[in-house]
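The values are calculated or read from the model by the stated rules, or taken from the named source; none is laboratory data. Not measured: the values here are computed from a predicted model. Cβ sites come from the backbone with ideal geometry, for glycine too, and all protein chains shown count toward neighbours.
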Amino acid sequence: MANEVGQTNSAIIGLSHVRAIAPYVGGKPISEVAREFGLDEAKIVKLASNENPLGMPDSAKKAMAKAAEDLGRYPDSNGFELKNALAKKFNVPVEWITLGNGSNDILELTARAVAQEGDEVVFSKHAFAVYPLATQAVGGQAIEVPATPEYGHDLAAMQKAITAKTRLVFVANPNNPTGTFLTAAEIAAFLAKVPSHVVVVIDEAYNEFLTPEQQYDAIAWVRQYPNVIVSRSFSKAYGLAGLRIGYGIAQNNITDLLNRIRQPFNVNSLAQAAAIAALADVEFLKKCYELNRAGYAQLTQAFNQMGLKYLPSSGNFVLVKVGDTPNAGATVNLELLKAGVIVRPVGNYGLPEWLRISIGLPQENEAFIVALKKILNQ
């Protein structure tokens, strides 16, 4: 017998913990906003997804063009050249590196490799949305630890939350979407207390935006602890978001597991070629860093003038509070969309009064500032 939508009645298909997952929703694409609000795509400013406002470096474009000549063949499944470039940069064995289809791939592979139904996975409140998604996907139990009063990771509380059932801990530094930063001393003290049966992912997707004073050697912890994996991305500072490429660095006992379950060709040929070129492009990275610092100053100065609260950020974005009502973020976000400015509401992170603003080009930042002032003054 057919139901109202013309389908025959049948048993529920799929695992309950998978059906319970709320799919990840990224920042709205420019084309979607143009269609929805009848706007000119060329005039829309997107500051929603922490993308590099300079786009892809020319060095990567040239490398891609050369690689495109041989796209009739499969990519190098082992990523020999890129792995060797990373191994040389970080002075680690090639066998310690896993390539991922974005750093999200590394996070999800790690969850699949070490946790299963009933196991506990620990992470902070207001931390990256993929952590609970990766946990749900394997049927694990998410242990969300309350954040500090400054919206950052409370590592002492996270350490206390670890039990005999804990298999994985996610630590984001800097954290998305809050931009909060943990010092090397704080992380080192935490790692020293984590039991050896618990894998710790240090998610450093925004590492390249840290100031010289903040920089630390996370790879030293990989050498010291067989249960630590550092995850990084080419999407942000290196400008390769559309190519989806990231990597993890860990000792053989972890990388061996990840390579057993990753897709054989999870990183395409163009991405590998572009990443090799971008990794060597020191001048582009320096330009991105300087642009980001200037943009951060531009945005925060405007927030100070408007009397808005914001969180000090160590990434390429700023979290700003745009009202005191529970729907303030959604309300202001809608008005910004109508004005052709795309930012990121963070109600799904438990921060409904806040918006996350990616740092763009000076004129993009200014367009957002002008639009925000107009909206808040209405």
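Below, the figures for the structure above:
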quantity	calculated
Residues of the stretch 114-140 that turn out to be part of a helix (DSSP H, G or I) and more than 12 Å from residue 199 (Cβ to Cβ), as a count	8
Enumeration of residues in the stretch 288-301 that are of a type outside the set (Val, Ile, Thr) and surrounded by fewer than 21 Cβ atoms within 10 Å (Cβ to Cβ)	289, 290, 291, 293, 294, 297, 298, 301
When residues of the stretch 24-36 are limited to those that are touching a residue at least 24 places away in the same chain (Cβ under 8 Å) and loosely packed, with under 13 Cβ neighbours inside 10 Å, the one nearest to residue 108 (Cα to Cα)	24
Qualifying positions in the stretch 99-134 - of a type in the set (Val, Ile, Thr) and within 18 Å of residue 350 (Cα to Cα)	122, 130
Positions within the stretch 335-349 being within 15 Å of residue 323 (Cα to Cα) and small (Gly, Ala, Ser), in sequence order	347
Some residue of the stretch 182-201 being surrounded by 19 or more Cβ atoms within 10 Å (Cβ to Cβ) and either in contact with a His (Cβ under 8 Å, 6 or more places away or on another chain) or within 16 Å of residue 312 (Cβ to Cβ) (or both)	yes
Residue list for the stretch 232-268, filter: closer than 12 Å to residue 99 by Cβ and of a type in the set (Gly, Ala, Ser)	233, 246, 248
Residue within the stretch 182-190 that is within 19 Å of the chain's Cα centre (by Cα), in contact (Cβ under 8 Å) with a residue 60 or more places away in the chain and assigned by TED's automatic domain parsing to the domain that holds residue 254 present	no
Hits in the stretch 217-233 (condition: crowded, with 17+ Cβ neighbours inside 10 Å and in a loop (DSSP other than H, G, I, E, B))	225, 227
Residues satisfying the stated conditions in the stretch 308-322, i.e. over 10 Å from residue 178 (Cα atoms) and either polar (S, T, N, Q) or at pLDDT below 95 (or both)	316
Test: residue in the stretch 319-326 that is closer than 27 Å to residue 205 by Cα, in a helix (DSSP H, G or I), of a type in the set (Lys, Arg) and over 20 Å from the mean Cα position of the chain (by Cα)	no
Test for residue 139: is it in the same structural domain as residue 269 (by TED's automatic domain parsing) and on the phi > 0 side of the Ramachandran plot	yes
Single match in 39, 47, 15 (criterion: within 24 Å of residue 292 (Cβ to Cβ), surrounded by 10 or more Cβ atoms within 10 Å (Cβ to Cβ) and not acidic (Asp, Glu))	47
Members of the stretch 153-178 found to be surrounded by fewer than 24 Cβ atoms within 10 Å (Cβ to Cβ) and of a type in the set (Gly, Ala, Ser), listed by number	156, 157, 161, 164
Verdict on residue 76 being loosely packed, with under 12 Cβ neighbours inside 10 Å and more than 24 Å from residue 237 (Cα to Cα)	no
Unique match (being over 16 Å from residue 205 (Cβ atoms), modelled with pLDDT of 95 or more and not assigned by TED's automatic domain parsing to the domain that holds residue 335) among 134, 113	113
Members of the stretch 317-368 found to be crowded, with 16+ Cβ neighbours inside 10 Å, of a type in the set (Lys, Arg) and touching a residue at least 40 places away in the same chain (Cβ under 8 Å), listed by number	344, 356
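Every residue, every condition in (1) under 30 Å from residue 321 (Cα atoms); (2) of a type outside the set (Val, Ile, Thr); (3) at pLDDT 95 or above, yes or no:
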{"position": "187", "(1), (2), (3)": "yes, no, yes"}
{"position": "224", "(1), (2), (3)": "no, yes, yes"}
{"position": "228", "(1), (2), (3)": "no, no, yes"}
{"position": "239", "(1), (2), (3)": "yes, yes, yes"}
